[in-house]
Structure formats: structure tokens, C-alpha cells
Amino acid sequence: KPQILLDETNLIDFASPIEVWDLFIGWVRVELTRATANTNLRKIAIAGFAIAIFFVLIITIISTGLAHRLTNGLDRLVKVANDAEHGREFKREDIKRNDEIGLLAAHLYRMLDAIEEGKKAQFENTAKLRAIFETLHDLVWLKDSKGIYLACNPMFERFFGARESEIVGKTDYDFISRELAD
């Protein structure tokens, strides 16, 4: 157990035992002025503070890098999804990763390809249907469940004496008497 040999206003003298593997081998005696002790304590505190700041900076740099690595791929996929959602042409991001983000990218692109193929097929079908619709010599119109016109062919336009753009969004009541419409 350390022993204080002298403790005065400006001087402290103490001895501390030296042990190696629980074997006492001698004493070490240290004599310090309080000013020297305070100076050394200040140096230790400053060094400790500097080391703490260094480690905080290192941890910040590492965590920022990891966060960027983890979120960068997701951010790029979110941009692709937003562009597709808002009907903008989207640019495929080159995401070559063997983790969940890479798997998510592959699935997202397959889904967007399927949507594009569906849109093309729908456009082709709509164009074919519209061609048939336009060339029929019968009166053809399309209404919703509330009786509002959604579309009509040229024969129907001639019959009503109005263009399709003037007919769509209206009901029979806008063109003929209530009694006849009912």
C-alpha cells in the first residue's frame, strides 16, 4: 500500500511498493512539488482531451462513410421510383451489389419493365379499339355508371350534331328533354 512520507504545503513525498505477480520486490520513492504535480495533471488532462477529440473525429468519419455506403443505393432507387411514379423518364442506376439493395434494384427494374410492357400493350390495344370504334357505321357511345358520356364515335357525333369533346362529360339531359331522356 502506498505510504505518504511527507505532506507539506508545497511538497509531497511518498513511497509505493513494487510487486510482480504478487511478489514484493521493493519500493519506489517519489518526491514532487505540488506545482510539478499540478503541471503534470494538466498535461495528462490536455492529452486525454485531445485523444478523446481524435477518437470522436475518427468515429464520425467512419460512421459517415458507413451511412453513405448504406443509404446511397437506396437514395438512387428512390429517385428512380419517384421518376417512374410521376411519369417522368427514369434513368436506370447502375447498382451492382450483392446485398439487399442490389436485390431490391433488380426487382424494381423487373417491375418497371413489366409496367412499361403493359403500357405498350395497353396503348396498342387502345389504338386498335379506337380504330374499330371510329370506323363502325353504327352509333357507338360509352357511358359510366352515372350516365355520363366517356366517348363516342363519329357517327354518334353526326347524330347529336356535336363533337366528341362537347359530348364527353355530359349526360342525355344536356342534349334532349328530360322526358325523352328518361
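The values are calculated or read from the model by the stated rules, or taken from the named source; none is laboratory data. Remember, it's a predicted structure, so these values are computed and weren't measured experimentally. Neighbour counts are summed over all protein chains in view; Cβ atoms, including those assigned to glycine, are modelled from backbone coordinates with ideal geometry. Just so you know, the surface numbers come from the protein's heavy atoms only, side chains and all, with ligands and any DNA or RNA stripped out. Shrake-Rupley method; radii C 1.70, N 1.55, O 1.52, S 1.80 Å.
Of all the strands (runs of 3 or more DSSP E) wholly in region 1-52, which have at least 2 residues that are open to solvent by 100 Å² or more (accessible area, probe 1.4 Å)?
23-33
Looking at region 87-120, which of its residues are acidic (D, E) and open to solvent by 90 Å² or more (accessible area, probe 1.4 Å)?
Of everything in region 87-120, those that are acidic (D, E) and open to solvent by 90 Å² or more (accessible area, probe 1.4 Å) turn out to be E89, D94, E100, E117.
Considering only residues of region 124-145 that are within 17 Å of A181 (Cα to Cα) and within 42 Å of the chain's Cα centre (by Cα), which is most open to solvent (accessible area, probe 1.4 Å)?
S145
Can you tell me which residue within region 55-70, out of those that are at pLDDT 85 or above and not hydrophobic (A, V, I, L, M, F, W, C), is nearest to K119 (Cα to Cα)?
H68
Which of the residues belonging to region 71-109 are touching a residue at least 12 places away in the same chain (Cβ under 8 Å), assigned to a helix (DSSP H, G or I) and more than 25 Å from K119 (Cβ to Cβ)?
Those that are touching a residue at least 12 places away in the same chain (Cβ under 8 Å), assigned to a helix (DSSP H, G or I) and more than 25 Å from K119 (Cβ to Cβ): G73, L74, I101, G102.
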